[in-house]
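> I'd like to ask some things about the structure below.
Values in this text are rule-based calculations from the coordinates and carry no lab data. Keep in mind that what you see is a predicted model, and the values were worked out from it rather than measured. Cβ placement follows ideal geometry from the backbone for every residue including glycine, while neighbour counts extend to all protein chains displayed.
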Amino acid sequence: MLEKLKDHFKEVELSCSKCGKVMEEGERFSVTLIMPAEKQMPVGQLDKMLAKRAVNITCGECSGR
Ligand SMILES: [Zn+2]
């Protein structure tokens with residue numbers, strides 16, 4: 001499961017919307033999402049879903065941990 005998650009993160013780069021830092025493995029980050037309608041519930045790879053859906057992504061430092 002963890003290996004799979006790591007692979008997924010290699011495909012799309014998620015970067016901090018404040019400082020532009022690219023999220024790396026094991027790093028903590030915050031994401032702002034809008035709750036989707038039940039029928040449009042996002043599925044699939046986490047990074048791709050976030051890249052598409054996230055309103056805001058901030059790294060641990062910018063989000064104040
Ligand atoms: Zn940042």
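> With 10 angstrom as the radius, rank 25, 38 by how many other C-beta atoms surround their C-beta, starting from the fewest.
38, 25
> Here's something else I'd like to know. Determine the gain in length on full extension of the stretch residue 33-residue 49; use 0.36 nm per residue of separation and subtract their C-alpha separation, reporting nm with one decimal.
Length gained between residue 33 and residue 49: 4.7 nm.
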